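Okay, structure first, notes after.
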Amino acid sequence: MADRLRLGVTDLHVFPLCLGGNVFGWSADEATSFRVLDAYAEAGGNFIDTADVYSSWVPGHTGGHSETVIGRWMAARGNRSRMIVATKVGMLGPDLTGLAAHTIRTAADHSLRRLGVDHIDLYYAHRDDPKTPLEETLDAFDGLVRAGKVRYLAASNYTAPRLAEALAIARRNGFARFAALQPHYNLMHRGEYEGDLSDLCVAEQIACVPYFALARGFLTGKYRPGATVESVRAAAAREYLDERGLRVLSALDAVAAAHQTTVAAVSLAWLAAQPGVAAPIASGRTPEQLRDLLPMVTLRLSVDEIARLNEASAPTA
């Protein structure tokens with residue numbers, strides 16, 4: 001079993017691969033979701049990411065489906081105490097969009113009920129809300145921590161200036177602060193995190209937990225010229241299939257062959273080696289897909305291999 005990693009300055013010790021829950025109740029039905037969750041737990045996994053908005057985009061869904069599936073699975077397996085569950089607030093509209101105090105408190109109670117738990121381990125602001133004063137947002141989050149409903153707080157989709165401002169406000173007011181950041185970050189999408197945001201996370205010991213770690217599936221290596229892939233994300237993934245994308249796939253293929261492992265595992269291992277990154281998020285809608293991801297937890301890339309992937313994925317001028 002892979003060693004658990006301490007998440008930033010928290011006392012949460014997590015599996016190196018965070019299991020993305022957005023497929024549960026969407027592209028994976030409940031029975032299949034249970035099989036994926038079982039396989040993840042059997043591999044030693046304990047860190048699951050979801051959000052109240054998953055999968056509200058499906059006709060007839062109103063949100064909360066992923067949370068409900070995860071909650072039912074934990075209840076059926078009796079393993080709540082072994083799992084670290086992260087969920088999010090701020091994008092379930094129209095009544096629960098934004099980060100006003102009432103929205104945060106209401107959404108948290110709804111998530112607790114769907115998950116069937118008495119506390120959320122890591123609670124994210126799903127995206128910044130410039131219309132609500134940061135003081136109001138952080139005060140509401142702090143209230144959840146003080147009430148025992150949330151253990152730690154986190155931010156997703158925040159810029160470096162806004163994250164720095166939030167940290168300063170929390171420090172000044174004695175509020176619980178953001179302990180983790182969830183940015184869009186992978187080999188094909190580097191500019192958003194690298195630089196000021198990465199530097200801030202390292203300096204403040206904020207754990208980076210990247211989403212879209214496999215670029216909507218492109219970095220699994222299954223998208224190739226002429227290949228047909230049946231996936232709800234296929235159209236988005238194929239957008240990466242250009243000169244740069246082919247260059248990245250070629251480098252991934254070479255590194256994967258050298259380690260006798262999967263392209264997906266190499267992609268995730270590259271992310272895990274970046275400054276500030278704690279545990280990349282990736283999802284599998286079947287146990288077979290998950291199996292291709294799991295080798296990343298023990299895979300260590302050499303300095304030369306990381307440099308090769310850096311060079312291959314450098315944005316084209």
Projected label distance in nm at Glu288 and Arg82, using a 7 Å step from Cα toward the beta-carbon: 2.7
Under a plain spin-label model, where a point goes 7 Å from the Cα along Cα-to-Cβ, how far apart in nm are Arg4 and His184? 3.3
Largest-first ellipsoid semi-axes for segment 5-313, taking √(5λ) over the Cα gyration tensor eigenvalues, angstrom: 30, 23, 18
Which distance in nm do the two modelled labels at Asp199 and Arg146 give, with both placed 7 Å along the Cα-to-Cβ direction? 3.5
For segment 124-200 and segment 237-307, write down the distance between their C-alpha centroids in whole Å. 27
Footprinting proxy, Cys18, Cys208: sorted fewest to most Cβ within 10 Å, the residues are Cys208, Cys18
So what is the 222 nm mean residue ellipticity for the chain from helices alone, if each DSSP H run of at least 4 adds -39500 (n - 2.57) and you divide by all residues, rounding to the nearest 500 deg cm²/dmol? -12500 deg cm²/dmol
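The numbers here are math on the coordinates, done by the rules we state, and not lab data. In this text, all values refer to a predicted model and were calculated from it rather than measured experimentally. Please note: Cβ atoms are built from the backbone with ideal geometry, for glycine as well, and neighbour counts cover all protein chains shown.
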